[in-house]
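Note sheet for the following structure.
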Amino acid sequence: MPNLFDLIILGSGPAASRVATRCAQSGWKIAVVDPNPVGGTCALHGCNPKKVIVRAAELVDRAHRMAGNGTSLGAAEIHWPDLVNFKRTFTEPVTENRRSSYTELGIEIIQAKPRFTGPTTIEVGDRTIQANHIVIATGAVPRALSFEGSEYLTDSDRFLDLDYLPGRITLVGGGYIGFEFAHVAARAGTKVTIVDYGEPLASFDRDLVRHLIDCSEKIGIDVQTHTEVTKVERDDDGNFHVSTLGDNGIQSRETDLVVHSAGRVANVNGLNLEAAGIEYSDKGITVNDFLQSPTNTAVYAAGDVVASGLPALTPIANSQGIAVANSLLEGNLVKHETPPVPRAVYTVPSLASVGMTQAEANESQLDVKVNHDDWSHFSSMKKVGETHAMYKVLIDKHTDQIVGAHLLGPEAAELINVFAFAMKMKATIADLKAMPFVFPTLVSDIKSML
């Protein structure tokens, strides 16, 4: 006989945690199933530890930019072993703290690979469990790569735990991870190459991305666009040889480490979703407006595993987790709606965006005013010696409201939240210009951008 629960949750990241906590507090009997350390990607291998190493790169960059302008901080540099040890002070407590929290709530933790055997039954190791409801929040995993030698690539989890940083790194893929790791490694003195088969950071504004690429190249990062990796080989000395095909023809480069930064896909492999009648595609699990499977109504999904068309971001996972918990406890009463979601690439300087790009606005034939200029000319940028900064704000001419904002500059990831809030509250340009922002600050720059 299967062990019975009110709710089984597959995964233990932010979306899973929101559901588990709410339902456990309401007295539900819950099992959380995860073959990996409890806590999820963001806390253990993603956003949080990544931001720790990015902060170090920002400090080094700032010290170099301000040298000779009233400061002399010496040879500011990253000491990688110390930085990784510091990063571990953030990640190592996560699993034990999450496990303790679940135990206090009476949640059973099952560390095994789950496999559906029926609509509401799951095989975990040598036992079968069953529940009235199941939530799939298994997140995403690195995309499978098909070229010869792809098994030699290091994934982002292992990169963040390297005990030392080699002298040469090649990153396969020019997305968030590729550019973020490249900027950190370059500030640590590593020779870095990014290889992307198309246009890097394709979902971001092209003008700002080109400016970021220019900034990247100026700090020594070799950005290869429209270039395909065809093979990776390892020689007897442990060096890797990356063969590529691109605009410059066939090339081969020697490197010490090859990192997978070519994106992630929904983590559904091995779940045997067919046995549960759960519809899914290569984009993830299909859900309705309540994040419920339309083909198995006992099942909900949240986070990166959902085929929502939204960016795979922690705030979205959090929002979806809360929505699923509400539906489980109260019924499908409120459709899940996502507010304007800001996103950022933690390069140095950072790239941030919310809402429509100019290309999307043009495609939708929306009548917009585009405010686009060099942010580095502002006093706020000159004070920190920043030479690569740019902004673009899209304003609906009929409503006088912001429909898109795009920033490249120091703390752009912080400032973009103000634009997102303004869009959520449908504030007009007049509303924002009337705000008595603290001056002079980055936030006060908004008035000049408008």
Which listed residue is in contact (Cβ under 8 Å) with a residue 12 or more places away in the chain, at positive phi and among the acidic types (Asp, Glu), from Asp396, Asp400, Asp374: Asp400
Some residue of region 131-152 being over 29 Å from the mean Cα position of the chain (by Cα) and either assigned to a loop (DSSP other than H, G, I, E, B) or more than 30 Å from Tyr197 (Cα to Cα) (or both): yes
Test set (1) assigned to a loop (DSSP other than H, G, I, E, B); (2) open to solvent by less than 70 Å² (accessible area, probe 1.4 Å); (3) not polar (S, T, N, Q) - Phe419 fails condition number: (1)
Residue count, region 387-409 (criterion: under 19 Å from Ser216 (Cβ atoms), in contact with a strand residue (DSSP E or B) (Cβ under 6 Å, 6 or more places away or on another chain) and not in a strand (DSSP E or B)): 1
Some residue of region 433-446 being of a type in the set (Val, Ile, Thr), out of contact with any strand residue (DSSP E or B) (no Cβ under 8 Å at 6 or more places or on another chain), closer than 29 Å to Glu180 by Cα and buried (at least 21 other Cβ atoms within 10 Å of the Cβ): yes
Checking Val259 against (1) surrounded by fewer than 24 Cβ atoms within 10 Å (Cβ to Cβ); (2) within 30 Å of Ala186 (Cα to Cα); (3) not small (Gly, Ala, Ser), the condition it does not meet: (1)
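Specify which of the listed residues (Ala188, Ala182) is modelled with pLDDT of 95 or more and crowded, with 24+ Cβ neighbours inside 10 Å. Let's see the steps before the verdict.
Numbers: Ala188 fails: crowded, with 24+ Cβ neighbours inside 10 Å.
On inspection, the qualifying residue turns out to be Ala182.
Residues of region 131-144 being touching a strand residue (DSSP E or B) at 6+ places or on another chain (Cβ under 7 Å) and surrounded by fewer than 22 Cβ atoms within 10 Å (Cβ to Cβ), which ones? Outline the logic, then answer.
Here is the first cut: in region 131-144, the residues touching a strand residue (DSSP E or B) at 6+ places or on another chain (Cβ under 7 Å) are 131-138, 140-143.
Answer for region 131-144, where residues must be touching a strand residue (DSSP E or B) at 6+ places or on another chain (Cβ under 7 Å) and surrounded by fewer than 22 Cβ atoms within 10 Å (Cβ to Cβ): Asn132, Ala140, Val141, Pro142, Arg143.
Can you find a residue in region 416-433 that is in contact (Cβ under 8 Å) with a residue 40 or more places away in the chain, under 30 Å from Ser72 (Cβ atoms) and not aromatic (Phe, Trp, Tyr)? Let's see the steps before the verdict.
Step one: list which residues in region 416-433 are in contact (Cβ under 8 Å) with a residue 40 or more places away in the chain, which gives 416-417, 419-420, 423-424.
After this cut, where a residue has to be under 30 Å from Ser72 (Cβ atoms) as well, the list is none.
No, there is no match, as no residue in region 416-433 is in contact (Cβ under 8 Å) with a residue 40 or more places away in the chain, under 30 Å from Ser72 (Cβ atoms) and not aromatic (Phe, Trp, Tyr).
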Residues (touching a residue at least 12 places away in the same chain (Cβ under 8 Å), over 19 Å from Gly175 (Cβ atoms) and out of contact with any strand residue (DSSP E or B) (no Cβ under 9 Å at 6 or more places or on another chain)) located in region 278-315: Asp289, Pro294, Thr295
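Quick one: is Tyr176 open to solvent by 40 Å² or more (accessible area, probe 1.4 Å), in contact (Cβ under 8 Å) with a residue 60 or more places away in the chain, under 30 Å from Gly321 (Cβ atoms) and of a type in the set (Ser, Thr, Tyr)?
Working: open to solvent by 40 Å² or more (accessible area, probe 1.4 Å): yes; in contact (Cβ under 8 Å) with a residue 60 or more places away in the chain: yes; under 30 Å from Gly321 (Cβ atoms): yes; of a type in the set (Ser, Thr, Tyr): yes.
Yes, satisfied.
Here's the yes/no breakdown for (1) surrounded by fewer than 16 Cβ atoms within 10 Å (Cβ to Cβ); (2) under 30 Å from Arg343 (Cα atoms); (3) not polar (S, T, N, Q):
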position: Lys29; (1), (2), (3): no, no, yes
position: Asn36; (1), (2), (3): no, yes, no
position: His45; (1), (2), (3): no, yes, yes
position: Val60; (1), (2), (3): no, yes, yes
position: Glu77; (1), (2), (3): yes, yes, yes
position: Gln111; (1), (2), (3): yes, no, no
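Is it the case that Asn362 is open to solvent by 10 Å² or more (accessible area, probe 1.4 Å), out of contact with any Ser or Thr (no Cβ under 9 Å at 6 or more places or on another chain) and not in a helix (DSSP H, G or I)? Lay out the reasoning, then the answer.
On the way: open to solvent by 10 Å² or more (accessible area, probe 1.4 Å): yes; out of contact with any Ser or Thr (no Cβ under 9 Å at 6 or more places or on another chain): yes; not in a helix (DSSP H, G or I): no.
So Asn362 does not fit the description; no.
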Members of region 365-386 found to be in a loop (DSSP other than H, G, I, E, B), open to solvent by less than 60 Å² (accessible area, probe 1.4 Å) and not acidic (Asp, Glu), listed by number: Leu366, Phe378, Val384, Gly385
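When you go through Thr193, Thr128 one by one, which is the residue that is in a strand (DSSP E or B), under 30 Å from Ala20 (Cβ atoms) and in contact with a strand residue (DSSP E or B) (Cβ under 9 Å, 6 or more places away or on another chain)?
Numbers: Thr193 fails: under 30 Å from Ala20 (Cβ atoms).
Only one candidate passes the filter, namely Thr128.
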Unmet requirement for Leu171, which otherwise passes all of (1) crowded, with 16+ Cβ neighbours inside 10 Å; (2) in contact with a Phe, Trp or Tyr (Cβ under 7 Å, 6 or more places away or on another chain); (3) not in a strand (DSSP E or B): (3)
Number of the condition not met by Ala276 [criteria: (1) closer than 20 Å to Gly189 by Cα; (2) aliphatic (A, V, I, L, M); (3) over 23 Å from the mean Cα position of the chain (by Cα)]: (1)
Enumeration of residues in region 185-211 that are in contact with a Ser or Thr (Cβ under 9 Å, 6 or more places away or on another chain), farther than 16 Å from Gly167 by Cβ and not polar (S, T, N, Q): Ile194, Val195, Asp196, Tyr197, Gly198, Glu199, Pro200, Phe204, Asp205, Arg206, Leu208
Residue, nearest to Ala302 (Cα to Cα), within region 335-359, restricted to residues that are hydroxyl-bearing (Ser, Thr, Tyr) and surrounded by 15 or more Cβ atoms within 10 Å (Cβ to Cβ): Ser353
Subset of region 274-327 (residues that are open to solvent by less than 20 Å² (accessible area, probe 1.4 Å), assigned to a loop (DSSP other than H, G, I, E, B) and closer than 13 Å to Gly139 by Cα): Ala302
Selection from region 119-154 of residues that are without any contact (Cβ under 8 Å) to a residue 40 or more places away in the chain and under 24 Å from Ser293 (Cβ atoms): Glu123
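The values are calculated or read from the model by the stated rules, or taken from the named source; none is laboratory data. None of the values given here were measured: they were computed from a predicted structure. Methodologically, a virtual Cβ is constructed for each residue, glycine included, from the backbone with ideal geometry; neighbour enumeration extends over all protein chains shown. Ligands, DNA and RNA are stripped out before the accessible areas are found, and what is left, the full protein with its side chains, is counted by its heavy atoms. Shrake-Rupley method; radii C 1.70, N 1.55, O 1.52, S 1.80 Å.
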